[in-house]
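For reference, the structure discussed in these notes is given below.
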Amino acid sequence: MLGSLSGFHNVGEIVEFATRGVLDDELCSCGTNFRSCDFWNEVGDVAFGGWTREQALRMFDLRWKVQPRSKLPATMLDIRHRRGPVIEYSAVFGKLIRAVAQVAKADVVVDASKLVTQAVALSASDDLDVRLLHLVRDARGVAYSWTKQDVARPSANAVFTEMKTHKPAASAARWCVDNALAEAIARRGLPYHRMRYEDFVSTPGPTVEAALRGLEIETPSGLATQLGSRTVHIPKGHALLGNPSGFGRSEVTLREDTGWRNGLGSRDRRLVTALSAPMLARYGYPMRSDQNDSPTLREASR
Ligand SMILES: [Zn+2]
């Protein structure tokens, strides 16, 4: 939705450009493979004088030193002292994202990489002005979503053809850690705004306007018209990876996905609720969420 605003360009999950793009040659959202996409080839030329396998392998190596959550304390110390792998890593992404802005003629590049460590790493780049939009969803909806099996990855080429899955307890733990980390790095000075998925699908226009205000991003002209409908027209862009609900589509009608209320078994629901209770409360989610749960399904899941 942000990518549809004038002056904005959505790159999807650019964190994976080296692996899923340069090395695996997965599909861009325009329908062309990465290495055949004119947009990404121009970006590669502007940023690095063209893509090379050597550089992609170097980024693949650096990712293990920067992206894991366990590396975050060391990375933050390295940023303060301007040393370590994060400096090279952030310089590459700085050049890459500036090239995207130039080729797309955009003022704002929207990156949906969703890794907290990536946001921290990008903030080390002298070329970028990074702002963090923290999107929160009810932990039980997130946990249910991660249990879905056999969901095809729409950008996949030959490897990793299905979306990953996680057990509910693992999802709850990741949900707590990632949300806490996002808030922690915001307290260290990264411009930050938090929004709830449920508020967004209920009142998309005002919620996005509040996010732009919160991030101190100038409101694009004609914003009210662009956000006035529940049907979002997605420009034919060049995004990498992404959820099957949006990837490569020209429009999406917003509605809250409440499938987890009946789909997540009562035992898993209690487990996820217990593990994430303090933060569910912090974000304004009720502890009891089974009002829509039918007795038949509740019994069946026991
Ligand atoms: Zn493309």
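Which of the residues belonging to the stretch 214-232 are assigned to a helix (DSSP H, G or I) and either at pLDDT 80 or above or of a type in the set (Gly, Ala, Ser) (or both)?
As a first pass, look at the stretch 214-232 and keep what is assigned to a helix (DSSP H, G or I): 214, 223-227.
Selection gives Gly214, Ala224.
Is at least one residue of the stretch 84-95 among the β-branched types (Val, Ile, Thr), within 18 Å of the chain's Cα centre (by Cα) and farther than 23 Å from Arg194 by Cβ?
no
Could you pull out the residue among Glu13, Glu42 that is touching a helix residue (DSSP H, G or I) at 6+ places or on another chain (Cβ under 9 Å) and within 12 Å of the ligand (Cβ to nearest atom)?
Just a single option satisfies the conditions, and that option is Glu42.
Being in contact (Cβ under 8 Å) with a residue 24 or more places away in the chain, farther than 16 Å from Leu96 by Cα and out of contact with any helix residue (DSSP H, G or I) (no Cβ under 6 Å at 6 or more places or on another chain) is the requirement here; does Gly7 meet it?
The answer is yes for Gly7.
Right, Ser6: under 17 Å from Asp111 (Cα atoms), part of a loop (DSSP other than H, G, I, E, B) and not aromatic (Phe, Trp, Tyr) or not? Spell out how you get there, then give the answer.
Numbers: under 17 Å from Asp111 (Cα atoms): yes; part of a loop (DSSP other than H, G, I, E, B): yes; not aromatic (Phe, Trp, Tyr): yes.
Answer is yes for this residue.
Return a yes/no flag: does the stretch 54-61 have any residue that is touching a residue at least 12 places away in the same chain (Cβ under 8 Å) and within 27 Å of His193 (Cα to Cα).
no
Can you work out which of the residues in the stretch 233-254 that are away from the ligand (no atom under 16 Å from the Cβ), modelled with pLDDT of 80 or more and in a strand (DSSP E or B) is surrounded by the most Cβ atoms within 10 Å (Cβ to Cβ)?
The qualifying residue surrounded by the most Cβ atoms within 10 Å (Cβ to Cβ) is Val252.
Could you tell me which residue of the stretch 18-33 is surrounded by the fewest Cβ atoms within 10 Å (Cβ to Cβ), considering only residues that are in a helix (DSSP H, G or I) and more than 12 Å from the ligand (Cβ to nearest atom)? I'd like the intermediate steps shown before the answer.
Filtering the stretch 18-33 for residues in a helix (DSSP H, G or I) gives 18-23.
If we keep only those that are more than 12 Å from the ligand (Cβ to nearest atom) too, we end up with 18-20, 22-23.
Working: Ala18: 23, Thr19: 17, Arg20: 23, Val22: 22, Leu23: 19.
Applying the filter and picking the extreme gives Thr19.
Sort out which residues of the stretch 45-67 are away from the ligand (no atom under 16 Å from the Cβ) and surrounded by 13 or more Cβ atoms within 10 Å (Cβ to Cβ), and write them in order of number.
Phe48, Gln55, Ala56, Leu57, Arg58, Met59, Phe60, Leu62, Arg63, Lys65, Val66, Gln67 - these are the residues of the stretch 45-67 that are away from the ligand (no atom under 16 Å from the Cβ) and surrounded by 13 or more Cβ atoms within 10 Å (Cβ to Cβ).
Do you know which of the residues in the stretch 169-208 that are over 19 Å from the mean Cα position of the chain (by Cα) and in a helix (DSSP H, G or I) is surrounded by the fewest Cβ atoms within 10 Å (Cβ to Cβ)? Show your work before the answer.
In the first step, residues of the stretch 169-208 are kept if they are over 19 Å from the mean Cα position of the chain (by Cα); the result is 169, 187-189, 202-203, 205-206.
Remaining after also requiring in a helix (DSSP H, G or I): 169, 187, 202, 205-206.
Numbers: Ala169: 14, Arg187: 8, Ser202: 14, Gly205: 17, Pro206: 12.
This residue is Arg187.
Of all the residues that make up the stretch 93-113, how many are in contact (Cβ under 8 Å) with a residue 40 or more places away in the chain and part of a helix (DSSP H, G or I)?
Of the residues in the stretch 93-113, 11 are in contact (Cβ under 8 Å) with a residue 40 or more places away in the chain and part of a helix (DSSP H, G or I).
Any residue at all in the stretch 45-67 that is modelled with pLDDT under 95, among the charged types (D, E, K, R) and not in a helix (DSSP H, G or I)?
No: zero hits.
Within the bounds of the stretch 19-37, is there any residue that is at pLDDT below 90 and on the phi > 0 side of the Ramachandran plot?
Scanning the stretch 19-37, I find at least one residue that is at pLDDT below 90 and on the phi > 0 side of the Ramachandran plot, so the answer is yes.
For Gly3, state whether it is away from the ligand (no atom under 15 Å from the Cβ), within 30 Å of Ser229 (Cα to Cα) and under 20 Å from the mean Cα position of the chain (by Cα). Even if it seems obvious, please write down each step before you answer.
Numbers: away from the ligand (no atom under 15 Å from the Cβ): no; within 30 Å of Ser229 (Cα to Cα): yes; under 20 Å from the mean Cα position of the chain (by Cα): yes.
The answer is no for Gly3.
All but one of (1) among the hydroxyl-bearing types (Ser, Thr, Tyr); (2) in contact with a helix residue (DSSP H, G or I) (Cβ under 8 Å, 6 or more places away or on another chain); (3) part of a helix (DSSP H, G or I); (4) modelled with pLDDT under 85 hold for Ser289, so report the exception by its number.
So Ser289 meets the others, but not (3).
Restricting attention to the stretch 133-165, which residues are on the phi > 0 side of the Ramachandran plot and of a type outside the set (D, E, K, R)?
Step one: of the stretch 133-165, the residues on the phi > 0 side of the Ramachandran plot are 150, 160.
The one that is on the phi > 0 side of the Ramachandran plot and of a type outside the set (D, E, K, R): Phe160.
What residue, of Ser36, Ser70, is more than 25 Å from Val252 (Cα to Cα), polar (S, T, N, Q) and within 14 Å of the ligand (Cβ to nearest atom)?
So the residue among Ser36, Ser70 that is more than 25 Å from Val252 (Cα to Cα), polar (S, T, N, Q) and within 14 Å of the ligand (Cβ to nearest atom) is Ser36.
Kindly evaluate Ser90 against the criterion of being in contact (Cβ under 8 Å) with a residue 12 or more places away in the chain, among the small types (Gly, Ala, Ser) and away from the ligand (no atom under 16 Å from the Cβ).
So Ser90 fits the description; yes.
The values are calculated or read from the model by the stated rules, or taken from the named source; none is laboratory data. Just so you know, these numbers come straight off a predicted model, no measurement behind them. Backbone-built Cβ (ideal geometry, glycine too); neighbour counts: all protein chains shown.
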